[in-house]
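Everything on this sheet refers to the single structure shown next.
The values are calculated or read from the model by the stated rules, or taken from the named source; none is laboratory data. The model shown is predicted, which means the values in this text are computed figures rather than measured ones. No Cβ is skipped: glycine too gets one built from the backbone with ideal geometry, and neighbour counts run over all protein chains shown. For the accessible areas, the whole protein counts, side chains as well, though only heavy atoms, and no ligand, DNA or RNA atoms are used. Shrake-Rupley method; radii C 1.70, N 1.55, O 1.52, S 1.80 Å.
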Amino acid sequence: MARVLLTGGAGFVGSHTAEALLAAGHEVAGIDNLRTGCVENLSSFAGHPGWRFFRQDILDAENFNRVVREVAPDVVLHFAGLVSVPESIANPGLNSEMNVRAVHVMIDAAVMAGVRRVIFASSAAVYGDSTAVPLDEHSPTRPVSPYGEAKLAGEALVLGRGRTLGFEPVCLRYFNIYGPRQHRDSPYSGVVSRFLDRLRAGQPLVIFGDGRQTRDFIHVRDVARANVVAACDPGPLAGIFNICSGSEVAVNDLAAALQRQFLSRLDPIFEPGRSGDVKRSAGNPTRAREILGFSARIALAAGLSEFEGNSVAP
Ligand SMILES: NC(=O)c1ccc[n+]([C@@H]2O[C@H](COP(=O)([O-])OP(=O)(O)OC[C@H]3O[C@@H](n4cnc5c(N)ncnc54)[C@H](O)[C@@H]3O)[C@@H](O)[C@H]2O)c1
């Protein structure tokens, strides 16, 4: 049994990961300031004896250090951050604070508490406009947004300080995650949740650009399983891993699949492409499979079918 601390534990990925760790018999603590997360995300396991929650901003270093010392985790999974590319462009200072300074604070606290492994939630955004699709962990990193730059800086901090300070540094580059509990009603949400929001409201989908841009979608329960595997690997474990499905799906095809499911015949509205959006994104999952023994299991069609469809008659 491991003791695991999740920063951003009340968020989309954090709450699913907490649930999966608890189901596997681990002791789990979550810390979250509820900026984008919420306590409703914790409802399915809030009373579990292995779970503790701290409402706390990790940028408040003194109080965060106190929580980390109290929990004394073997592993820290660092999910807390600013998660949206458009928001990072609108507010680059906040992005640096939440996605770079927070990593410094988290590492300092982890080192002081003698944590064995730090797992950093990185992103496919570090590859940016790299054309080497499918992207593997050696593909060039060419971020095209403050968010992607900050994630790359976060990786460098975790890997570098892990080497020099003696914890095991692991960076998981998640591709496009979708599934229940993802924020729906924000312009900063991911494409699946934005599409669902429009379909449920009986509105036409809005597609940025020509819709031929591609993404590699991975279900949040697969991501949670990857996080459990990375947290519990007997190790020593270090380095960068793509967490992806390996399938390249055009946004137009995603739109068509969801429209069929929701029986919507409204033509999508095409709006100009957004700055910071990459043209092609699909990952190579080989390294995660060979070293972690992790492969995504939930195919996109099966994952989308979990969302309530057939509810809108246009
Ligand atoms: N969702 C995706 O598709 C995706 C893809 C790649 C990478 N990631 C990364 O995975 C991680 C989790 O993403 P998510 O989709 O669950 O987002 P999320 O917004 O649901 O989760 C982030 C959580 O961190 C909390 N938080 C933010 N700053 C904090 C602070 N200073 N102190 C305490 N809590 C704080 C928020 O309240 C939220 O609950 C992020 O680091 C994100 O960059 C997500």
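Things worth noting here:
- In the condition set (1) open to solvent by 10 Å² or more (accessible area, probe 1.4 Å); (2) more than 14 Å from the ligand (Cβ to nearest atom); (3) in a loop (DSSP other than H, G, I, E, B), VAL83 is compliant with all but (2).
- Selection count, segment 61-77, where residues are surrounded by fewer than 24 Cβ atoms within 10 Å (Cβ to Cβ) and under 18 Å from the mean Cα position of the chain (by Cα): 0
- Cβ pairs under 9 Å, 6+ apart, first in segment 39-68 and within 23 Å of ASN99 (Cβ to Cβ), second modelled with pLDDT under 95 and within 11 Å of the ligand (Cβ to nearest atom): ASN41/ARG181
- Single condition LEU77 does not satisfy, out of (1) of a type outside the set (D, E, K, R); (2) assigned to a helix (DSSP H, G or I); (3) under 17 Å from ALA238 (Cβ atoms): (2)
- Residue within segment 40-56 that is near the ligand (Cβ under 9 Å from one of its atoms) and at pLDDT below 95 present: no
- All conditions in (1) under 18 Å from the mean Cα position of the chain (by Cα); (2) closer than 21 Å to GLY162 by Cβ hold for VAL85, with the sole exception of (2).
- Taken residue by residue, segment 127-144 has no member that is among the hydroxyl-bearing types (Ser, Thr, Tyr) and under 12 Å from VAL83 (Cα atoms).
- Qualifying residue in segment 239-250 (condition: under 20 Å from the mean Cα position of the chain (by Cα), farther than 30 Å from LEU22 by Cβ and open to solvent by 60 Å² or more (accessible area, probe 1.4 Å)): yes
- When residues of segment 95-110 are limited to those that are more than 10 Å from the ligand (Cβ to nearest atom) and open to solvent by 10 Å² or more (accessible area, probe 1.4 Å), the one farthest from the chain's Cα centre (by Cα): ASP108
- Unique match (being within 14 Å of the ligand (Cβ to nearest atom) and among the aliphatic types (A, V, I, L, M)) among VAL75, VAL28, VAL68: VAL68
- Failed condition for GLU19, given (1) closer than 17 Å to VAL229 by Cβ; (2) over 21 Å from the mean Cα position of the chain (by Cα): (2)
- Yes/no for LEU263 being over 19 Å from GLN182 (Cβ atoms), in contact with a Gly (Cβ under 9 Å, 6 or more places away or on another chain), hydrophobic (A, V, I, L, M, F, W, C) and outside the structural domain of VAL76 (by TED's automatic domain parsing): yes
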